[in-house]
Amino acid sequence: MSLVDELSALAEETLSSISGASTSVELEAIRVAVLGKSGSLTGYLRSMGQVPKEERAEVGKTVNATRVKVESALEEAKARISAAELASSIDAAAVDVTLPGRAQQIGTRHLINGMVDEIAQVFLGLGYSVIEGPEVETDYYNFEALNAPPDHPSRSMQDTFYVLDRSGDASAVKGESDVLLRTQTSGAQVHAMEDRELPIYVIAPGKVYRRDVADPSHLPQFHQVEGLVVDKGITFGDLKGTLDFVCKQLFGPDRRTRFRAHYFPFTEPSAEVDVSCGICHGEGCRMCKGTGWLEILGCGMVDPNVLSMSGIDPEVYSGFAFGMGVERIACLKYDVPDLRMLLEGDMRFLRQF
Ligand code: DAH
């Protein structure tokens, strides 16, 4: 085949691949393969020296004509392709202004806050006031003024986070200088007795902290609602009647309560209160571990010692106190199987309440 024929075959092949190209990347690859430094047509230009003299003029003319043809075909194709690319990028970026807007994700009140409010409403209806004690507390309010002096065995029931433990400091007055995260809301009882006029009818909801590893039935931080009544002539009957009423308000009128003797350092006598199981109504099931009852709170008559330590005369006044775990009550009420679900922040779970 003569050089001129070779060139016209190259021209034909190149023009057809240019017309078949549909992206600027493809087009650039064709340009480089033909007109680039080591492109096929450039190769012919470079080797003009070896072409016999008599053919040189014609071959030269053909090479040039081929180059002009290829260049103008590239030019045209570039215009065609970039217009198409622009059009498709405009399409891709198009905004449909008729679409509805995206709704803002609004949070919900947490089940536990809702439960605290619900409990508070019941007590507000009975004429109680709602108070709040500090979460960072001293050993005195958390333990000592509640009849649990240092070394009292009841302290080991509640593993404590100490903020400041100066028990090794000889100049510190032991017991008074220890700062801790409260393990129970019961310290609010002491604040109420110190700060408020008698008679006292208060509840104190809030967070408490214990050195526990989170598992289905324990959290290192949870909520309690404490209650305290101090008045003249308060009896265990008042305690039972009040808590039975509150349980029926919270769980439903068909639920029964039972009081089981227990020990707490700051009440005497003390009891734990169970509510009848709402699933089996007392028959015994998995929820109540076959007993028919669910434990929901601790309570008792305020120990005379506790009254005197806060400057109240136990010969004139008596009272009762109670403390309930809010997470526990919420989980029993709404059948939540694992306390940790309350901390996960999963909106699909939290929105249900
Ligand atoms: N503070 C107790 C606890 O965390 C609960 C409690 C029991 C509170 C008896 C009381 C009470 O006020 O009288 O385990």
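The values are calculated or read from the model by the stated rules, or taken from the named source; none is laboratory data. As the structure is a computational prediction, the values presented were derived from the model and not from experiment. Counting neighbours? That spans all protein chains shown, and the Cβs are built from the backbone with ideal geometry, glycine included.
The test for being closer than 27 Å to Lys78 by Cα and surrounded by 15 or more Cβ atoms within 10 Å (Cβ to Cβ) holds for Leu35.
Residue count for region 303-340 under the criterion of being within 38 Å of the chain's Cα centre (by Cα), surrounded by 15 or more Cβ atoms within 10 Å (Cβ to Cβ) and either on the phi > 0 side of the Ramachandran plot or not charged (D, E, K, R) (or both): the result is 13. Output the qualifying pairs, or none if there are none: Cβ atoms under 6 angstrom, residues six or more apart or on different chains, first residue in region 244-261 and touching a residue at least 60 places away in the same chain (Cβ under 8 Å) and closer than 16 Å to Phe320 by Cα, second residue part of a helix (DSSP H, G or I) and not aromatic (Phe, Trp, Tyr). If the second residue must be part of a helix (DSSP H, G or I) and not aromatic (Phe, Trp, Tyr), the pairs left are Val246/Val122.
Looking at region 287-294, is at least one residue modelled with pLDDT of 95 or more and under 27 Å from Val130 (Cα atoms)? The answer is no; no qualifying residue exists. Of the numbered criteria (1) more than 22 Å from Gly227 (Cα to Cα); (2) within 35 Å of the chain's Cα centre (by Cα); (3) surrounded by fewer than 19 Cβ atoms within 10 Å (Cβ to Cβ), the one Glu272 fails is (1).
The set of residues from region 208-248 being among the small types (Gly, Ala, Ser) and either under 20 Å from the mean Cα position of the chain (by Cα) or at pLDDT below 95 (or both) comprises Ala214, Ser217. Can we say Val208 is of a type in the set (Val, Ile, Thr), out of contact with any helix residue (DSSP H, G or I) (no Cβ under 9 Å at 6 or more places or on another chain) and closer than 28 Å to His152 by Cα? So Val208 passes the test. Residue count for region 248-267, restricted to those that are near the ligand (Cβ under 10 Å from one of its atoms) and not β-branched (Val, Ile, Thr): 5. Pairing residues of region 144-158 that are on the phi > 0 side of the Ramachandran plot with residues that are at pLDDT below 85 and assigned to a helix (DSSP H, G or I), at Cβ distances under 9 Å and at least 6 apart in sequence or on separate chains, gives Asn147/Ser154.
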